[in-house]
Amino acid sequence: MATQPTRTTESSWTITGASAETREKVKKAAAAEGMTIRAWVDKTLNAAADGKLSAGPASTVPKELAEMQAKLDDLLKRMPEDPKAAEKAASERTSAAVLKAVAAGLGEMQRSAKEQARIAEGKPAKKKTKASKAPARRTAGRG
């Protein structure tokens, strides 16, 4: 059991403004631990000041906040420092991919037009190579 401080060795405090509900809870908690209100309040305030309260949902709040903070920090690390520059770079990558696809399509159309012109002139069709077969199959059902 905790030693009782005496008035001759320690200053006393008066805490005002505590609700009746709080005072009743403090009385019950002190009695449940077999302590005086003064000793229980002293022990509880010391534990709270040391960050060592372990009972109740309030003790999980700092842990949950720390986890949330870690997740936010991780998200912030993934974010670019200059969002406008990142947006511009993403737009440029998308534009480059679109242009590459358009160029490939135009190249296929040009090859096909040349082949059609050869056939229209009565010349035999050229044999398809592996490289020209793949695009021809992809575009076969589109037109």
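Structure notes:
Per-residue answers, yes or no, for (1) touching a His at 6+ places or on another chain (Cβ under 7 Å); (2) among the aliphatic types (A, V, I, L, M); (3) at pLDDT 85 or above; (4) surrounded by 10 or more Cβ atoms within 10 Å (Cβ to Cβ):
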position	(1), (2), (3), (4)
THR36	no, no, yes, yes
LYS43	no, no, yes, yes
LEU72	no, yes, yes, yes
ARG78	no, no, no, no
GLU81	no, no, no, no
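Per-residue answers, yes or no, for (1) in contact with a His (Cβ under 7 Å, 6 or more places away or on another chain); (2) modelled with pLDDT of 90 or more; (3) loosely packed, with under 11 Cβ neighbours inside 10 Å:
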position	(1), (2), (3)
THR8	no, no, yes
SER11	no, no, yes
ILE15	no, no, yes
PRO57	no, no, yes
ALA89	no, no, no
SER95	no, yes, yes
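- Sole residue being at pLDDT 85 or above and of a type in the set (D, E, K, R), chosen from LYS130, LYS123, LYS100: LYS100
- When each of ALA86, ALA90, ALA104 is tested for being in a helix (DSSP H, G or I), among the hydrophobic types (A, V, I, L, M, F, W, C) and touching a residue at least 12 places away in the same chain (Cβ under 8 Å), the lone residue that passes is ALA104.
The values are calculated or read from the model by the stated rules, or taken from the named source; none is laboratory data. As the structure is a computational prediction, the values presented were derived from the model and not from experiment. Because the Cβ atoms are built from the backbone with ideal geometry, glycine has one as well, and the counts that use them run over all protein chains shown.
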